[in-house]
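Let me begin by presenting the structure, written as structure tokens, before commenting on it.
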Amino acid sequence: MRVLAAALGMLFFAHSRAAGADPRTEASPSTALPEARQTRGLAALERPTGIAEAGFGWLTLPGADVCVVECSRGDTSFEVDVWQLYRANRRFAIGAGILLGLVPTNSGADPNHSRRYMTVEGTARYYPYVGENVEWWIGVSGGLVVVSDSYQVARPASDRALLGPTADTIRTEGGSIGIAGGPVISLARHWTLGSTLRYGHWFLPTRPAVDALGHQASLTGRNMVFTLGVNVAFRMEL
């Protein structure tokens, strides 16, 4: 009987130890810690990245004095722009680009006159907010601006041949400086859609250039400029 009692006591003691085991030593689905969520999208940028950006929008010169036959105030134009950027890390990028103002609405009173705008600028950008699907940037730009005034030579009302070119172009060159910024939305792994607002100043010669026929440059001096546009960009880690 003593042997049986001792065996039952040892069995009861072992069962008590198993029932009172520390729950911290056993992993269960309800107490296991969740795995860390991986950063995705735009926020996952870890390596230097090359960006090719192309866009279009509207350019405005609200206070410009446009002088052809007579002077009038202001001009607007449809514009396209292309930028190449090197993004060194999540926060900073540098690059350069070209903007073309192709269809100015203020052509003056001369039907034989047309004008085009072009800027060639460098830029530096800072990204204060970078999320997985959206980011914002602000930046500065500066470079060269060229205003091209083309005058079509009217043919005389006669049967005599007109010698020489039928058009003349006056190119006015100056400096450009400005600030810009806007949001960027992720479309796919390598593609984004963005919107850009730019504000700047063009510094052109104060005295207009004049060609041999007496035509003169239509835009001079300091001019304030705004552009608002949308763009699509392709990015690839280097």
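Values quoted throughout were computed directly from the atomic coordinates according to the rules given, and no laboratory measurement underlies them. Predicted, not measured: the structure shown is a model, and the values here were computed from it. Neighbour counts run over all protein chains shown; Cβ positions are idealised from the backbone, glycine included.
In which sequence would Asp149, Asp168 go, from the one with the fewest C-beta neighbours within 10 Å to the one with the most?
Ranked by crowding around the Cβ, least crowded first: Asp168, Asp149.
Charge tally around Asn89: other residues with Cβ under 9 Å, Lys/Arg +1 each, Asp/Glu -1 each, net +3.
Listed peptides 133-144, 43-54 appear in the order 133-144, 43-54 once ranked by packing, highest mean of other Cβ atoms within 10 Å at the front. Going by neighbour counts of Cβ atoms within 10 Å, the residues Met224, Met118 line up, fewest first, as Met224, Met118. Taking the number of Cβ atoms within 10 Å of each Cβ as an exposure proxy, the fewest-first ranking of Val147, Val232 is Val232, Val147. Extension gain, Asn89-Asn133: 0.36 nm per intervening residue step, less the Cα-Cα distance, totals 14.1 nm.
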